[in-house]
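Remarks on the structure that follows.
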Amino acid sequence: FLILLARDMAWWPFNKRAVRPFSRAAREVSRVLGAASESGESYRGALLALHRAFDTAAGRRVLASDLDRFLASHPEHGGVRTDVERFFTASRKVFFGDAEHDAKAGLPPVDLKSLASTLARQERAAR
């Protein structure tokens, strides 16, 4: 009887966890960049994972020009605005400018991992 009640009331273990796209992205960024690989594909994969987190959190595609709108609806991330702008600049260089070296100079992999972790921490604190 208690099992049925727990399921009906969505108690543990039947409850669903809140969607936390930045937490998922932080794990993926850490996994992709944590490998000893310095390949361009790992950096691209890390950027893409974080892009998907922004998209999921916003419920739509987020581009650099949408940053003000995103931060207005997610004020918990306002404190890292400069780092998020660096992220979008690096992403533009990698995906549209074929300038990965410049992107990594502006946002080194260690800073990308740190940004992903910070966004995840802010996401958890806001819920």
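The values are calculated or read from the model by the stated rules, or taken from the named source; none is laboratory data. Keep in mind that what you see is a predicted model, and the values were worked out from it rather than measured.
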Problem - Given (1) of a type in the set (A, V, I, L, M, F, W, C); (2) outside any helix (DSSP H, G or I); (3) modelled with pLDDT of 95 or more, number of the condition TRP11 does not satisfy - result: (3)
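Looking at the stretch 55-67, can you tell me whether even one residue there is basic (Lys, Arg) and under 15 Å from the mean Cα position of the chain (by Cα)? Explain how you work it out, then say what you get.
In the first step, residues of the stretch 55-67 are kept if they are basic (Lys, Arg); the result is 60-61.
Pick out the ones that are also under 15 Å from the mean Cα position of the chain (by Cα) and you get 60-61.
Yes, the stretch 55-67 has at least one match.
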